[in-house]
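The values are calculated or read from the model by the stated rules, or taken from the named source; none is laboratory data. Values in this document were obtained by computation on a predicted structure and should not be read as measured data. Note that each Cβ is placed from the backbone with ideal geometry, even for glycine, and that neighbours are counted across all protein chains shown.
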Amino acid sequence: MLVALGLYFGWRSFDGGRQTAASAPAAPGIAITSTTAQKGDIGVYLDAIGTVTPQYTASITSQVTGQVVAVPFKEGQTVAKGDALIEINSAPYRATLLQAQGVLDRDQNLLAQAQMDVERYRLLWVTKAIGKQILDDQEKLVLQDQGTVKNDQGTVDYDQIQVDFCHITAPIAGRMGLRLVDPGNVVQSTGTVTLAVVAQLQPITVIFTIPEDNIGPIQARLRLNATLAVDVYDRTARTRIASGQLLTLDNQIDTTTGTIKARALFDNKDEALFPNQFVNARLLVNTLQGVTLVSASAIQQNGQASFVYVIQNNVAHLRSVKPGVTEAGLTQVDGINPGDIVADSSFDKLQDNVAVVIAVKPVAENSGNKQ
């Protein structure tokens, strides 16, 4: 009797536990957030450190010796080509020029006299009034006087240039630097002392270096006459200062660094770029069109392999991918298709063929009154 009761209660306990296990709800899937792969375009960029460099910079020196009598420009002034910058006392050079012009006038008249004489001698020689030797001597005398006049003309031109050198003008349009000479200073013709500096700011260039491995793709684009855009950012690489285009590459590689210099051109109408300014340059080499893009945070690494979790019917499936270019948080990938839903969180829990629950992102409530 006792044995029968024990068997009965044991069966009831086993049956009750089986019913409890059968009625227990299934374990929920792993909660994740997701992102959807898209089809779009993405740029291939090269980042480099650059220096703002004027396209032209003129360091002005004196080509004559004399006293500075005027400095018409103002520091920081924007000048046009040909504007007066420095005046040097030209009185000694004008006096020398006057002397040279006097010698030229005299010798020109001597030449004219010799030419008249040779015409007379030719008439006399025709009538046999003089010998041929006298005519020949007079013709050679004319040639000598012509040489003297040419020499005098060269002296006049040289002295005129010296006078012109006393009036120093801007060789290019640009912005003036600080004044380096004052009225009353004596300058020398040796040209060792800089009197003023003018730098062209509009347009202006940025010189930066790129690895030699990237020369091929850039040259290929340049041969197609493509315009390669260049953006420059501040020292922190966060704020864009200006946008321009690649002008050219240097003609040789620096063997010590394995890089080549590149020059980009900017109109700089707002003068945001300043000579010798340190900037971060970003060169757009190419644009990949119609590729599959996915959030960079969705791509996971396992050694050298890259993979994502594609969500199908609330189940995560591990899918190997080949990532490419990354820009603005998006990465170009091969291995998935546009429209695929990809896990973007909970990677420490995810595994292949694991059930998941996609969390719905909260929608911001309208701040206005509801009707």
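Screening the candidates Phe266, Phe274 for the property of being at pLDDT 95 or above and more than 17 Å from Ile218 (Cα to Cα) yields one hit, Phe266. Looking across the stretch 70-83, just one residue is in a strand (DSSP E or B) and either of a type in the set (Lys, Arg) or closer than 30 Å to Arg282 by Cα (or both), and that is Thr78. Does at least one position in the stretch 309-329 carry a residue that is in a loop (DSSP other than H, G, I, E, B), surrounded by 14 or more Cβ atoms within 10 Å (Cβ to Cβ), of a type outside the set (A, V, I, L, M, F, W, C) and under 38 Å from the mean Cα position of the chain (by Cα)? No, because not a single residue in the stretch 309-329 is in a loop (DSSP other than H, G, I, E, B), surrounded by 14 or more Cβ atoms within 10 Å (Cβ to Cβ), of a type outside the set (A, V, I, L, M, F, W, C) and under 38 Å from the mean Cα position of the chain (by Cα).
When Leu273 is tested against (1) under 32 Å from the mean Cα position of the chain (by Cα); (2) surrounded by fewer than 19 Cβ atoms within 10 Å (Cβ to Cβ); (3) more than 17 Å from Asn337 (Cα to Cα), exactly one condition is not met: (2). Taken over the stretch 39-70, the criterion of being of a type in the set (A, V, I, L, M, F, W, C) and either surrounded by 14 or more Cβ atoms within 10 Å (Cβ to Cβ) or assigned by TED's automatic domain parsing to the domain that holds Leu273 (or both) is satisfied by Ile42, Val44, Leu46, Ala48, Ile49, Val52, Ala58, Ile60, Val64, Val68, Val69. The residues of the stretch 220-267 that are of a type in the set (D, E, K, R) and assigned to a strand (DSSP E or B), listed by number, are Asp231, Arg240, Asp254, Lys261, Arg263. Of all residues in the stretch 180-192, those that are within 12 Å of Gly66 (Cα to Cα) have Cβ atoms under 7 Å from Cβ atoms of residues that are among the hydroxyl-bearing types (Ser, Thr, Tyr), 6 or more apart or on another chain, in Val187/Ser62; Val187/Thr65; Gln188/Ser62; Gln188/Thr65; Ser189/Ser62; Ser189/Thr65.
Pairs meeting the criteria (first residue in the stretch 116-144 and at negative phi, second residue in a helix (DSSP H, G or I) and of a type in the set (Lys, Arg), beta carbons under 7 Å, at least 6 apart or on different chains) are Trp125/Lys132; Leu135/Arg122. Any residue in the stretch 323-342 that is touching a Phe, Trp or Tyr at 6+ places or on another chain (Cβ under 6 Å) and at pLDDT 90 or above? Checked the stretch 323-342: no residue is touching a Phe, Trp or Tyr at 6+ places or on another chain (Cβ under 6 Å) and at pLDDT 90 or above. Taken as a whole, the stretch 176-185 holds at least one residue that is in contact with a strand residue (DSSP E or B) (Cβ under 9 Å, 6 or more places away or on another chain), surrounded by 15 or more Cβ atoms within 10 Å (Cβ to Cβ) and part of a strand (DSSP E or B). From the list Asp159, Asp137, the one residue that fits, being assigned to a helix (DSSP H, G or I) and either exposed (fewer than 15 other Cβ atoms within 10 Å of the Cβ) or in contact with a strand residue (DSSP E or B) (Cβ under 8 Å, 6 or more places away or on another chain) (or both), is Asp137.
Within the set Gln63, Gln67, Gln113, the sole residue that is part of a helix (DSSP H, G or I) and of a type in the set (S, T, N, Q) turns out to be Gln113.
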